[in-house]
Amino acid sequence: MLGLMQSQPLLISSLIEFAERHHGDAEIVSRRVEGDIHRYTYRDLAARARRLANALDDLKLQFSDRVATLAWNGYRHMEMYFGVSGSGRVLHTVNPRLHPDQIAWIINHAEDQVMCFDATFLPLVQAVHARCPTVKKWVALCDADKLPADTGIPGLTSYEAWIGAQSSDYAWPEFDENSASSMCYTSGTTGNPKAALYSHRSTTLHAYAAALPDVMCLSARDSVLPVVPMFHVNAWGIPYSAALTGCKLVFPGPAMDGKSIYELIEAEKVSYAAGVPTVWQMMLGHMKPAGLKFSTLRRTVIGGSACPPAMIHAFKEDYGVEVLHAWGMTEMSPLGTLCTLKNKHLVMSKDEQMKILQKQGRAIYGVDMKIVGGDGNELPWDGKTYGDLLVKGPWIVGSYFKGEGGDPLVRDAQGRGWFPTGDVATIDADGFMQITDRSKDVIKSGGEWISSIDIENIAMAHPAIAMAACVGMPHPKWDERPIVAVVKRPGTEVTREELLAFYEGKTAKWQIPDDVVFVDAIPIGATGKMLKTKLREQLKDYKLPGL
Ligand code: ADP
């Protein structure tokens, strides 16, 4: 017997329709590439997304055709999120920080038909456009009078002229909720990038889940600033969850430096922000010397790489901001776990709570996770045993676009497919997962594993250290030994010996790094994470002390 409730597909268009009808006057504020501040509402957004849908129809784009963006976080990008997917096409957000050769490769692989880009990326588009034969329309995300001249890009149109010529009357089509809605390529540190192809169903379910109180906890009372880029895993799903909750949205555009972000938070009374640790590092670095405080910011979700406990502590104690540590990946839309306390933890001391809050957190309903050993058998949830982390759920990839890389899933005894995350983790009895390392970054010393994240977190707790990266170096007896590369905070001093002494009592003696290497900067990749592959290259002539 089937249930007798109405059957309605979960479509991205329903999110914008809802926002328009129930939160029509909620604000969307964007810092534009031009530098000025733009303001409008969800009602305006919805109307312009419909104009865009008409423009795509005019181009005779078919269902599931790909429309690409090279764009910052801003209102026009948001219109593309809804106009492209809502009309049945697939939004392909391209990461502009990738190498031009990789960008050309991705555009060709996705067979993008339209490319819409912010003026900032004009040189990039000029470098790749001749290599992208599938693209039949190039659109600059700007006003008609700002359209750059003599670009060499055939038929370049301004977005405003393009959608301005269209009607805002448009009926969003209804189709199968499993249809593709958007795609995102993984940065692919080795081999060619592979694309996660999200569906309307996976995206709307993820949007529901992300808004939950123990997840991102978004509401119509919030003013939300996603610093995490819309070109990387849909800005962690915030654009969709924002439409679902009707929160005020604040987009930083291209100004991602600490000063600009801080000023925007204050000016727009932001209560909630989201970004990777390196971004917050910059912001706190700007605020601390100037003695600045937040007047409205209450919560910030930090993920994408491990958030150092020292940062969680600084946000809470110095600025009164609660950090929600999040873990996920491109293949997971991206949210997998978030770290919030349970009722029974509320009676604990601050220090005990902090130990929990630095973990990557609990699984969100919709994500199932387990850790397995080399034999594929599940390992206990004791908070100590570590193993390969596997996940499954309705917003986790089943396979990659065009079947690249074959079947990525690992089957269990019941034949259910689990996605191997490439992370090594522990899970405690309360279900809190903690990442030990990327499996490729784990340091193997004398048959034991050392967590590079633990070593980095300790260094980051030292007042003179701005950034730390731990890598394993070959050792004839121990296989590998850890060293830590550090960047000092401006105006501070610390010696190698002082930093090594700082480790004493904080970790087992054999896990203390063999050496400290002072560097000017640690290489950062396209998604704001430390690039350890590059760091290892830079240290290729390095020799451990005494060898
Ligand atoms: P890419 O794989 O292209 O670098 P992703 O954003 O998909 O981009 O990266 C996912 C990986 O980032 C995870 O598998 C994990 O290793 C790391 N990661 C994400 N969030 C965290 C976190 N909170 N703590 C530690 N590692 C994290």
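Counting only alpha carbon atoms, the long axis of helix 42-58 and the longest principal axis of the chain meet at about 70°.
For the range 443-538, the residue among Q538, H462, V487 whose Cα projects farthest onto the positive side of the dipole built from Cβ charges is Q538.
Over the chain, DSSP H runs of length four or greater, each weighted -39,500 (n - 2.57), average out per residue to a 222 nm ellipticity of -8000 deg cm²/dmol.
Angle of helix 12-22 to the longest C-alpha principal axis of the chain, folded into 0 to 90 degrees and rounded to 10: 80°.
Sequence-distant contacts, meaning Cα pairs under 8 Å at least 6 residues apart, place the relative contact order of the chain at 10 percent. DSSP finds beta bridges in the chain, and of those with both partners inside it, around 55 percent are antiparallel. Each Lys and Arg adds +1 at its Cβ and each Asp and Glu adds -1 at its Cβ; summed about the Cα centre, the range 31-175 shows a dipole of about 180 debye.
For the range 425-433, the Karplus equation 6.51 cos²θ - 1.76 cosθ + 1.60, evaluated at θ = phi - 60°, returns couplings of 8, 10, 10, 8, 4, 8, x, 7, 9 Hz by residue, with Gly and Pro reported as x. Once backbone amide H atoms are built at 1.01 Å from N, K488 has A466, V519 as its partners under 5 Å, excluding neighbours fewer than 5 places away on the same chain.
Compute the relative contact order of the range 92-143 as a whole-number percentage, counting only Cα pairs closer than 8 Å that sit 6 or more residues apart in sequence. List each step's numbers first, then the result.
Values: 51 pairs, mean separation 22.3, N = 52.
Averaging sequence separation for qualifying contacts and normalising by length gives 43 percent for the range 92-143.
Couplings 3J(HN,Hα) for the range 392-404, derived from phi with the Karplus relation 6.51 cos²θ - 1.76 cosθ + 1.60 (θ = phi - 60°), are 8, x, x, 10, 10, 4, x, 7, 8, 3, 6, x, 3 Hz, where x marks Gly and Pro.
Taking all Cα pairs closer than 8 Å and separated by 6 or more residues, the relative contact order of the range 31-175 comes to 27 percent. Around the Cα centre of the range 443-538, unit charges on the Cβ atoms of Lys, Arg, Asp and Glu (plus for the first two, minus for the last two) sum to a dipole of about 240 debye. Around the amide H of G383, modelled in the peptide plane, lie the amide H atoms of I427, D428, A429, all under 5 Å away and 5 or more residues distant in sequence or on another chain. Count Lys and Arg as plus one, Asp and Glu as minus one, and take only other residues whose Cβ is under 15 Å from that of H99; the net charge is then +2.
Computed over the alpha carbons of the chain, Rg followed by Dmax gives 23.6, 75 Å.
Grab the other residues whose beta carbon is less than 13 angstrom from that of G422, score K and R as +1, D and E as -1, and report the net. Summing Lys and Arg as +1 and Asp and Glu as -1 gives -2. The charge dipole of the chain, taken about the Cα centre with unit charges on the Cβ atoms of Lys, Arg (+1) and Asp, Glu (-1), comes to about 200 debye, rounded to the nearest 20. Amide H contacts for L544 (H built 1.01 Å from N in the peptide plane; partners 5 or more residues away or on another chain; cut-off under 5 Å): none found. Positive contributions from Lys and Arg (+1) and negative ones from Asp and Glu (-1), summed over other residues with Cβ under 15 Å from the Cβ of A26, come out at -1.
Annotation note: trypsin sites (Lys or Arg not before Pro) in the range 373-438 located in DSSP loop regions with a Cβ neighbour count of at most 16 within 10 Å are K384, R416.
For the range 285-301, 3J(HN,Hα) computed residue by residue from phi via the Karplus equation (6.51, -1.76, 1.60; θ = phi - 60°) reads x, 7, 6, 4, x, 8, x, 7, 10, 8, 9, 10, 5, 10, 9, 9, 9 Hz, glycine and proline entered as x.
Taken together, the values in this text are just the output of simple stated rules run on the coordinates, not laboratory data. All figures in this text were calculated on a predicted structure; none of them were measured in a lab. Every residue, glycine among them, receives a Cβ derived from its backbone with ideal geometry; neighbour counts consider all protein chains shown.
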